[in-house]
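Student: Starting off with a structure, shown below.
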Amino acid sequence: MHLSVRHQTDPPQNTNYEEDIVYVTKHNKWVLNSIGMWPAVLKGIGKFVPKVVIGLSNIVSFLNVVQCVLYITLEENDPLLRLRLLGLACFASINLMKYWALIARKPNIEYCIEQVHTDWKQVEIQRNRILMLKYGKMGRDLTIYSAVFMYSAEICYVTVMQYAMGLNMKENNRTIRLLVYPTYSGFFDAQKSPVYEIVYVLQCMCTFLFNSVTVGCCGLAALFATHACGQIDIVISQLDDLVEGKFSEKNSNPNTRLMEIVKHHIRILKFSAMIETVLQEVCFFEFVGSTFVICLLEYYCITDWQQNDRIGLATYSMLLVSLTFNMFLLCYIGNLLIDKSTSVGISCYMIDWYRLPIKTVQDLILIITMSNSPAKISAARIFILSLPTFGNVLKTSFAYLNFIRNTIIY
C-alpha cells in the first residue's frame, strides 16, 4: 500500500488522466456499482449504500438458490426435467459463490483500482499514454463484449423463452404461471397474487445479479490484466531506449535509467501478483462451473434440436455462446499476460546491450531471470488460465456430454 500512498501525494503528470480513467473504467464501474463492489465515492450515509446492496443481493440470491435446489430435490420427480433445471441451479450456485469470493476480496479490488488510477496520474510522456490507452481500450472492449453476450442471452431466457412456453396445465386442471426459478411449495404458494408478482420481480433481480457478477469478474480481469500489459509495454519501450536515452528527460546515466526500469518492473510484478490474488477463487469457480454448465447447455441444444423446439434451441445456444465466450475471455487475458511478461526478457536481449557498461549488462541478467517466471492468472493456484486451458475446458465438457447422453439413453 505504501507505493500508492506515496504517489497520491505527488502532483499528477497526466493532465488528461481524469478523462482517461473514465474511458477505461466506465463500464466496469457501472456493472460493479450494481452489485456493490466498486469503491464507494459518496460521503456520509451514502458510503453505506454498497453494504446495503451487498446485503440485499445476498439475501435474495441465497433464497432463490435454496428454493430452486429444494424443488429439484424434493418436488420434481421427472428425471429429464430435473436435468433441465440442474443447469439453472448450477449456474446460480456458482455465481453466488463467485459473488462471495468478490466480497471477500473487495479490499484487494479497491487497492488494484487505486493502483490503476495512480498509474494513469503518473504518466509523464505522451508515448506512454498512447501505450496505456491501447491496452485500456482492449480491456474496455472485452468488458463490453462480455456484457452484451451475457445480458442478451439472459434477457431472452427470462422473457422470450418463458412467455413462449406459455401456461402449463397440471393434472388437477390448475393453471400454473411460470417463474424464472422453480419455487419450493413448502415455504409459500407462489401462484397467488401478489406473491407471484413479487417473486417474479425478485427472481429477475436475482438473474440480473448473477449476470452482473459474471460480467463484473470478466471486466475486472480485463481491466487489471490489460493495465498490467500496458505497463509492461512501457517497460519494454524504456528498455529499447536504455542505450540511447532519447526519451529520458531526467538523466543520461544508463545505470540510473536501468534502476528506474527495474523499479517499474517490480511494481508491475507486485500488481500482477495482486491480480492473481483477487481472481484466483473467482476463476476457479468459473472454471468448474463453466465446464459443467456448458456440458448441460450442449445437451439442451441437442434435445431441443431433436424436438424441433426452435425457441429453446435459440435461447440455449445464446447461453452456450455467452458462457463459452466468457471462459475464452478469461483464458485469453491470462495468456496475454503470460506472453507480455515473458517478452520483457526477450526485449533485454534484443537491445544493443553490448554498447552498455559491463555493470549495466550484468544487471540486465536479473530482469531476464525475473521474466522466466512470468505473471499469470490461476484458478485457485491449480489451473493456469491460458488458451490451452480453454481447449481443455471444451474437451472436458464434451466428455461429460457423452457421459450424460449414454446414461440417459441406456
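The values are calculated or read from the model by the stated rules, or taken from the named source; none is laboratory data. From a predicted model like this one, the values you see are computed outputs, not experimental measurements. Cβ: placed from backbone, ideal geometry, glycine included. Neighbour counts: every protein chain shown. Just so you know, the surface numbers come from the protein's heavy atoms only, side chains and all, with ligands and any DNA or RNA stripped out. Shrake-Rupley method; radii C 1.70, N 1.55, O 1.52, S 1.80 Å.
Student: Using heavy-atom solvent-accessible surface (probe 1.4 Å) with all chains present, what is the largest-first order of Tyr17, Tyr135?
Tutor: Tyr17, Tyr135
Student: Select from Ile275, Ile94, Ile358 the residue whose mean-square fluctuation is largest in a Gaussian network model of the chain (Cα-Cα springs shorter than 10 Å).
Tutor: Ile358
Student: Among Leu102, Gln115, Ala92, which residue has its Cα positioned farthest towards the positive end of the charge dipole of region 74-121, with +1 placed on the Cβ of Lys and Arg, -1 on the Cβ of Asp and Glu, and the dipole taken about the Cα centre?
Tutor: Gln115
Student: A follow-up question, please. How large are Rg and Dmax for region 312-381 when calculated on the C-alpha trace, in angstrom?
Tutor: Values for region 312-381 (Cα only, Rg and Dmax): 20.0, 69 Å.
Student: How many nm is it between the label spots at Ala104 and Glu260, if each spot is 7 Å from the Cα in line with the beta carbon?
Tutor: So the two model labels end up 4.2 nm from each other.
Student: For the pair Lys47 and Tyr349, what calculated FRET efficiency results from E = 1/(1 + (r/R0)^6), where r is the Cβ-Cβ distance and R0 = 51 Å, to the nearest 0.05?
Tutor: After rounding, the FRET efficiency stands at 0.55.
Student: What FRET efficiency comes out for Val201 versus Thr342 if R0 is 45 angstrom and r is the Cβ-Cβ distance? Round to the nearest 0.05.
Tutor: Using R0 = 45 Å, I get an efficiency of 0.35.
Student: A follow-up question, please. Could you grab the relative contact order for region 258-373? Cα pairs under 8 Å, six or more apart, rounded to a whole percent.
Tutor: With pairs under 8 Å counted, the relative contact order is 23 percent.
Student: Anyone know which of Trp120, Trp30, Trp38 comes out most mobile in the 10 Å Cα GNM of the chain?
Tutor: Trp30
Student: Also, I was wondering about something else. Step through the residues of region 64-80 one at a time and calculate ³J(HN,Hα) from phi using the Karplus curve (6.51 cos²θ - 1.76 cosθ + 1.60, θ = phi - 60°), rounding each to whole Hz and writing x for Gly and Pro.
Tutor: Residue by residue, region 64-80 yields 5, 5, 4, 5, 5, 5, 5, 5, 5, 7, 9, 10, 7, 9, 6, x, 5 Hz.
Student: Could you rank Phe383, Phe398, Phe390 by how accessible they are, 1.4 Å probe, largest area first?
Tutor: Descending order: Phe398, Phe383, Phe390.
Student: With runs of 4+ DSSP H residues as the only contributors, calculate the mean residue ellipticity of the chain at 222 nm using -39,500 (n - 2.57) per run, divided by the residue total and rounded to the nearest 500.
Tutor: So the calculated ellipticity at 222 nm is -26000 deg cm²/dmol.
Student: Another question, then. If you plug each phi of region 379-393 into the Karplus form 6.51 cos²θ - 1.76 cosθ + 1.60 with θ = phi - 60°, what whole-Hz ³J(HN,Hα) values come out, in order, with x for Gly and Pro?
Tutor: Per-residue couplings from phi come out as 9, 6, 6, 10, 10, 8, 6, 7, 5, x, 5, 4, x, 5, 4 Hz.
Student: Round to the nearest 0.05 the FRET efficiency obtained for Val321 and Glu124 when R0 = 41 Å and r is the Cβ-Cβ distance.
Tutor: 0.45
Student: Still on this structure, please answer the following. Which percent of Cα-Cα pairs in region 280-330 sits in each 5 Å bin, short to long?
Tutor: Going from the shortest bin to the longest, the percentages are 5, 22, 27, 20, 12, 9, 4, 1, 0.
Student: Counting heavy atoms of the protein chains only and a 1.4 Å probe, report the per residue accessible area for region 259-313 as a whole number of Å².
Tutor: 42 Å²
Student: Can you give me the long-range amide H partners of Ile384? Hydrogens built in the peptide plane at 1.01 Å from N, cutoff under 5 Å, separation of 5 or more residues or another chain.
Tutor: Here the answer is Ala379, since their amide H atoms fall under 5 Å of that of Ile384.
Student: Over what distance in Å are the Cα centres of region 46-93 and region 319-350 separated?
Tutor: Region 46-93 and region 319-350 have Cα centres spaced 32 Å from each other.
Student: If you don't mind, there's one more thing I want to ask. How much space per residue, in cubic angstrom, does the convex hull of the C-alpha atoms of the chain take up?
Tutor: So the per-residue hull volume is 154 Å³.
Student: Shifting gears a bit: Enumerate the calculated ³J(HN,Hα) couplings along region 308-318 in order (Karplus 6.51 cos²θ - 1.76 cosθ + 1.60, θ = phi - 60°), each rounded to whole Hz, writing x wherever the residue is Gly or Pro.
Tutor: 6, 8, 5, 5, x, 4, 5, 5, 5, 5, 5
Student: I need the Debye-formula profile for region 77-148: one equal scatterer per C-alpha, no solvent, reported as log10 I(q)/I(0) at q = 0.15 1/Å, two decimals.
Tutor: Treating every Cα as an identical point scatterer, log10 I(q)/I(0) equals -0.77.
Student: Listed here are the pairs Lys29/Lys121; Lys26/Lys263; Lys121/Lys340; Lys51/Lys137; Lys340/Lys395; which of them are more than 21 Å apart at the Cα?
Tutor: Beyond 21 Å between Cα atoms: Lys26/Lys263; Lys121/Lys340; Lys51/Lys137; Lys340/Lys395.
Student: If you don't mind, there's one more thing I want to ask. Given just the C-alpha atoms of region 40-117, how large is their convex hull per residue in cubic angstrom?
Tutor: Residue-normalised Cα hull volume stands at 95 Å³.
Student: Using a 1.4 Å probe and counting only protein heavy atoms, arrange Val201, Val66 so the residue with the most accessible area comes first.
Tutor: Sorted by accessible area, descending: Val201, Val66.
Student: Cut-off 10 angstrom, C-alpha nodes, Gaussian network model of the chain. Which of Lys359, Lys51, Lys98 fluctuates the most?
Tutor: Most flexible of the set in this elastic network: Lys359.
Student: Next question. Determine the dipole magnitude for region 12-156: charges of +1 sit on the beta-carbon of Lys and Arg, -1 on that of Asp and Glu, nothing else is charged, the reference point is the Cα centre, and the result goes in debye to the nearest 20.
Tutor: That gives a dipole near 320 debye.
Student: Normalised by the empirical 2.2 N^0.38 Å for globular proteins, what value does the Cα Rg of region 254-408 take?
Tutor: That ratio works out to 1.49.
Student: Of the accessible area of region 246-364, with the probe set at 1.4 angstrom, what percent is carbon plus sulfur?
Tutor: 63 percent
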